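The structure appears right after this line, and notes come after that.
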Amino acid sequence: MRVKIRNLSGVLIGALLSLAATAPALAAPANEPPRQLTERGLENLTAFTRLLGYVRFFHPSDQAAAADWHQVAIAGAQEAEKAVNPDDLARTLTDFFSPLAPTLRVYLDGERPGVPEELRPPSGVTNPEVAFWIHTGVGLPETVPSTYSSVRSGSPGGPPAETGLPRPEQPVEVSLGGGVSALVPLTLYRDSQGATLPAVTLPPPRPDKPRGFKPSGKDRATRLAGVALAWGVFQHFYPYFDVVSVDWPAELQRTLAAAAKDKNERAFVDTLRRLMVPLNDGHASVAHKSVVRTHQLPLVWDIVEGQWVITWADPRLAPGLGRGDVILSVNGKPAGQVFAAAAALAPGATPQFVRVRALLLLSVGTRNEAVRLKVQRARGGIASVTVRRSVPFGDSSPLLKEPRPDKIAEVQPGIYYVDIDRITDEDLSAALPALAAARGLVFDLRGYPRYLGTELLSHLAGGEIRTPPVHIPLVTLPDRPWFRSLQRQAAQPPLTPRLTARTAWITAGEAVSYAESYMGIVEGHRLGEIVGEATAGTNGNVNYIPLPGGYTLRFTGMRVLRHNGSQLHGVGIPPTVPVTRTLEGIREGRDEFLEKAIETVR
């Protein structure tokens with residue numbers, strides 16, 4: 001049986017950057033210009049954001065389920081900001097959400113009202129059905145349909161005990177900030193026709209915009225709505241808040257204030273990136289048409305011994321640059337300052353993956369874009385060299401790498417090198433006889449098994465192999481107090497011929513997602529030594545958050561553990577044989593990771 005374990009994870013390039021390259025759209029009408037939030041306005045929008053998430057994901061009315069939440073969020077951002085005090089805010093929010101949640105009550109802190117009569121069991125209906133939400137992860141438009149879902153369910157008489165949900169006449173009390181709180185029903189009774197109660201005749205909220213308005217990042221209300229929508233998804237469904245140290249409510253206020261002042265669509269991309277950076281998620285990224293990344297510099301670089309170093313340069317496209325040149329400045333700005341700015345926009349769960357993403361951000365851009373580098377030459381002296389982004393970049397043109405041996409090569413007598421980043425299932429099948437006769441095997445996983453299934457691992461194991469444990473959140477209550485999960489773990493039987501030679505796996509910080517599924521199996525089943533540095537510390541299927549204005553966010557939607565049940569996120573798969581690159585080794589043209597791996601199996 002062939003098990004496609006690769007489906008557990010996203011694609012490396014997508015995990016590093018989710019990038020769009022379409023032409024800019026024409027300016028939309030009635031775009032509100034940037035304007036700083038007042039202190040009261042910020043409190044109002046904070047309260048609206050929290051309430052938006054509660055109603056959208058946990059209030060099970062037919063009206064909420066059918067709502068266009070992009071339109072609701074834009075309209076709500078416009079209305080809520082205008083409230084002049086807590087009393088006005090309570091009235092505004094109650095009135096605004098009444099077409100979607102008529103039994104919702106917003107009130108001044110400490111003045112809790114009585115439970116609305118409409119939440120009592122309907123008269124004349126025996127054992128009425130109760131409606132409620134069950135989220136497997138969270139299902140949003142454009143999400144991966146087979147992995148995550150959000151479904152309204154029903155149960156006669158009341159919600160099942162295992163959901164942890166209260167009856168309709170027991171709405172939960174939540175503090176919204178800004179001096180107001182709310183009673184939010186999480187379950188609702190249905191009538192004999194299956195419609196949720198009470199009946200609603202009011203139309204859903206719509207933005208105060210001219211007819212034909214199209215949401216755009218050029219519009220202030222659209223940006224504020226985007227922050228509210230994104231923050232709410234993470235608040236209720238991001239699976240790693242227990243291992244990430246972040247003041248998430250403070251991030252909401254900081255991001256709302258920034259979005260209100262963003263000058264254009266592209267500036268809002270960076271605001272959304274900064275929102276996700278504290279989540280420490282290596283899959284986190286923002287895609288939008290204003291971000292064009294089609295070409296990369298014709299070189300490879302890394303941070304070695306605390307310095308930004310060129311580890312390889314194409315002699316045709318980057319003349320004047322070579323191995324071991326240390327970058328002193330980029331376009332006239334100090335190298336340390338430039339790298340720090342990129343790292344601040346590069347989400348990652350571990351320092352090694354933040355480094356990888358920041359270096360990628362600095363390499364890619366638009367076609368033939370010039371970059372001026374000032375370098376300390378390896379052979380002595382300082383030089384200024386202009387190099388252009390001239391090498392295609394994208395799914396079919398991955399990031400450049402330093403030269404390595406052929407993808408399957410006998411690097412020493414009886415010792416074979418296999419580049420997992422480049423080989424296919426067909427390559428592996430053809431090479432199996434030679435690999436089975438080898439006395440040493442080195443597998444290079446400083447990258448992503450983009451063309452290879454997991455059958456290789458079954459040739460190395462003496463018995464059944466299992467994937468890392470995966471936990472998809474099952475969410476019925478807001479703010480994550482009732483955290484259960486749907487556990488999955490796939491198995492695969494051993495295959496012949498069995499590869500019995502001494503084995504080493506080279507890996508590093510760029511090994512993320514499906515590569516970590518691979519390395520997790522290697523570690524969990526002890527399929528060889530692990531040489532190099534720890535992996536990226538981010539695994540699991542991504543989920544997508546579409547936002548108004550054409551923005552799409554990616555994030556990790558499930559928890560993946562190491563085989564022993566310990567934490568993977570933010571840790572990675574550690575090496576059993578650690579290796580650190582040196583400036584001397586780079587200047588000598590040596591692959592110190594490969595050298596150590598060969599030494600390990602020899």
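Things worth noting here:
- Among the residues examined, residue 99 does not qualify as surrounded by 15 or more Cβ atoms within 10 Å (Cβ to Cβ), at pLDDT below 95 and not aliphatic (A, V, I, L, M).
- Residue 246 vs. criteria in a loop (DSSP other than H, G, I, E, B) and out of contact with any Gly (no Cβ under 8 Å at 6 or more places or on another chain): yes
- Which listed residue is open to solvent by less than 70 Å² (accessible area, probe 1.4 Å) and out of contact with any helix residue (DSSP H, G or I) (no Cβ under 8 Å at 6 or more places or on another chain), from 346, 341, 358: 341
- Only one entry in 214, 218 is in contact (Cβ under 8 Å) with a residue 24 or more places away in the chain, in contact with a Gly (Cβ under 9 Å, 6 or more places away or on another chain), among the basic types (Lys, Arg) and more than 22 Å from residue 276 (Cβ to Cβ), namely 214.
- Within the range 474-495, considering residues that are open to solvent by less than 80 Å² (accessible area, probe 1.4 Å) and among the charged types (D, E, K, R), the one modelled with the highest pLDDT: 479
- Taken over the range 319-338, the criterion of being polar (S, T, N, Q) and either touching a strand residue (DSSP E or B) at 6+ places or on another chain (Cβ under 6 Å) or buried (at least 18 other Cβ atoms within 10 Å of the Cβ) (or both) is satisfied by 329, 331.
- Residue list for the range 178-201, filter: of a type in the set (S, T, N, Q) and outside any strand (DSSP E or B): 187, 192, 193, 201
- Top-ranked residue of the range 544-559 - restricted to ones that are touching a helix residue (DSSP H, G or I) at 6+ places or on another chain (Cβ under 8 Å) and under 11 Å from residue 283 (Cβ atoms), ranked as surrounded by the fewest Cβ atoms within 10 Å (Cβ to Cβ): 554
- Number of positions in the range 388-425 that are assigned to a loop (DSSP other than H, G, I, E, B), surrounded by fewer than 16 Cβ atoms within 10 Å (Cβ to Cβ), among the small types (Gly, Ala, Ser) and under 30 Å from the mean Cα position of the chain (by Cα): 1
- First in the range 258-286 and over 21 Å from residue 45 (Cα atoms) and among the β-branched types (Val, Ile, Thr), second anywhere and open to solvent by 10 Å² or more (accessible area, probe 1.4 Å) and part of a helix (DSSP H, G or I), Cβ under 8 Å, 6 or more apart: 286/273
- Verdict on residue 515 being farther than 20 Å from residue 598 by Cα, buried (at least 21 other Cβ atoms within 10 Å of the Cβ), touching a helix residue (DSSP H, G or I) at 6+ places or on another chain (Cβ under 9 Å) and small (Gly, Ala, Ser): yes
- Residue in the range 211-223 that is in a helix (DSSP H, G or I) and closer than 16 Å to residue 545 by Cβ present: yes
- When restricted to residues that are of a type in the set (Lys, Arg) and within 13 Å of residue 399 (Cα to Cα), the range 357-373 contains 1.
- Reported count of residues in the range 238-258, each being open to solvent by less than 10 Å² (accessible area, probe 1.4 Å) and closer than 24 Å to residue 75 by Cβ, is 3.
- Any hit, the range 229-236, residues being touching a Pro at 6+ places or on another chain (Cβ under 7 Å) and either under 29 Å from residue 112 (Cβ atoms) or in contact (Cβ under 8 Å) with a residue 24 or more places away in the chain (or both): yes
- One residue alone among 540, 524 is buried (at least 17 other Cβ atoms within 10 Å of the Cβ) and closer than 28 Å to residue 286 by Cβ, and that residue is 540.
- Unique residue being more than 23 Å from residue 514 (Cβ to Cβ) and open to solvent by less than 10 Å² (accessible area, probe 1.4 Å) when the list is 453, 462, 440, 447: 440
- Exclusive hit being more than 30 Å from residue 38 (Cα to Cα) and surrounded by 24 or more Cβ atoms within 10 Å (Cβ to Cβ), set 188, 202, 224: 188
- Within the range 496-548, tally of residues that are over 17 Å from the mean Cα position of the chain (by Cα), among the aromatic types (Phe, Trp, Tyr) and over 26 Å from residue 304 (Cα atoms): 1
- Of all the listed residues (47, 77, 64, 73), the sole one being free of Cβ contacts under 8 Å to residues at least 60 places away in the same chain and not in a loop (DSSP other than H, G, I, E, B) is 64.
The values are calculated or read from the model by the stated rules, or taken from the named source; none is laboratory data. Quick caveat, the model's predicted, so the values are computed rather than measured. Neighbour counts are summed over all protein chains in view; Cβ atoms, including those assigned to glycine, are modelled from backbone coordinates with ideal geometry. These area figures cover heavy atoms from the full protein model, side chains too; ligands, DNA and RNA do not enter into them. Shrake-Rupley method; radii C 1.70, N 1.55, O 1.52, S 1.80 Å.
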